[in-house]
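Everything below concerns the one structure shown next.
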């Protein structure tokens, strides 16, 4: 169903409006809209004063599709919320809506943009247009009609802001990519930019740091090319683009050519996950970063083959055995039990901190990775507390000690 939502002022005035290349007249803009718009229902929101003085203009038309909806004047918060509720209740999920902000209080344009944003998100409503019959731009004496302006393009600014914020806070770029490439094109600057965002988003969301590092370097150039095409339709994208590049472009690195630089970027990503409450990714990557960092400190390149990487993991986990009594073996763990890498790590001044950090990560990480399917899983509250109060601070100390912060 296609609905028009319009508002009436108190004083009717015969006005000529230009829509496209034709002229339509009406004592209120709704009367003119009726002549050039297709609709199933026109909801006319009126105060008591407007209903008494302006509503009769529409009532005389005898059009059963047009009906009044009473609202207060909107002079305080309570009345404004009442207007909001009245509008929301009249619109159903999935409908198409045209707003008209020509008449009524001057606060209405601001409110309508918020109503439109809410309806799009909460009820999947399509906003076809936001019309304004610009009376002040017409001149009856000179025979110049008031132009009808569609402001709906500017409501899209809210979409850009919310989609960008979602990407910056969560790494989810789906909505932003859709705005960049609404037609789903496979070629062109917009398609490339959308694809790059999607790749970065997927890598961040699925905790794939090396894929993210590789693609992050393409963000700035591809978004800049998209900016040229967006310049006329979405000027604020330049500022949003700078935010996106600043947030995710910093993860650009190559562990093969500069391992230390890549580990610094990887640690920044760990911090980003923690800061944005993505604890599963944060703890998963924190554990892998510790293995990477120990490998670097041992002067070796990263080797993701099973046996070499397991050797580094055992070098770290073995620290916990030193000095512990093992009942089943009837003996105490010794430094000599460590593998070759572990015996080197044991000599580091950060060995105790590394041991404590590794141990602190295991329990909450396992709870998350196994989705709580354990005899005594940590509560979400305790996972968050441990992450913020213990794990992240200790990780930061190690990163600083190893010049990887």
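Each reported figure results from applying straightforward, stated rules to the coordinates on display, with no laboratory input. Since we're looking at a predicted model, the values are computed, not measured. As a convention, Cβ positions derive from the backbone with ideal geometry for all residues, glycine included, and neighbour counts pool all protein chains shown.
Overview of values
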item: Between helix 279-297 and the chain: long-axis angle, C-alpha atoms, 0 to 90°, nearest 10; result: 40
item: Residue among 298, 230, 285 with the largest mean-square fluctuation in a Gaussian network model of the chain, springs linking Cα atoms under 10 Å; result: 298
item: Whole-Å semi-axes of region 28-156's equivalent ellipsoid (Cα gyration tensor); result: 23, 18, 16
item: Protection proxy ranking, peptides 89-97, 6-14, 192-200, average beta carbon neighbours within 10 Å, highest first; result: 192-200, 6-14, 89-97
item: Fraction of antiparallel bridges per DSSP, the chain only, in percent to nearest 5; result: 35
item: Residues 85, 162 arranged by fewest to most Cβ contacts within 10 Å; result: 85, 162
item: Average Cα contact separation per residue, region 271-401, under 8 Å, 6 or more apart, as relative contact order %; result: 26
item: Degrees separating the helix 209-230 axis from the principal Cα axis of the chain, which is the longest one; result: 20
item: Listed residues 217, 62, 74, most fluctuating in the chain (Gaussian network, C-alpha, under 10 Å); result: 62
item: Degrees between helix 108-122 axis and first principal axis of the chain (Cα, 0 to 90, nearest 10); result: 50
item: Estimated 222 nm signal from helices in the chain, with DSSP H stretches of n ≥ 4 weighted -39500 (n - 2.57), rounded to 500; result: -17000 deg cm²/dmol
item: Inter-site label distance for residue 271 and residue 52 at 7 Å from Cα along Cβ, in nm; result: 6.5
item: Packing rank of 264-270, 360-366, where each peptide gets the mean count of other beta carbons within 10 Å, highest leading; result: 264-270, 360-366
item: Gap separating the Cα centres of region 209-228 and region 311-350, nearest whole Å; result: 43
item: Max mean-square fluctuation residue, GNM over the chain, Cα-Cα springs under 10 Å, options 191, 371, 177; result: 371
item: Two-site FRET efficiency, residue 110 against residue 25, from Cβ-Cβ distance with R₀ of 22 Å, rounded to 0.05; result: 0.15
item: Net lengthening on full extension, residue 376/residue 334 (0.36 nm per residue, minus Cα-Cα); result: 12.1 nm
item: Label-point gap, in nm, between residue 304 and residue 325 - each point 7 angstrom along Cα→Cβ; result: 4.4
item: Whole-number percent relative contact order across the chain, with pairs defined as alpha carbons under 8 Å at least 6 apart; result: 9
item: For q = 0.17, 0.22 Å⁻¹, Debye-computed log10 I/I(0) when each Cα of region 292-405 counts as one equal scatterer; result: -0.99, -1.26
item: Separation of alpha-carbon centers, region 118-167 and region 352-405, rounded to whole Å; result: 49
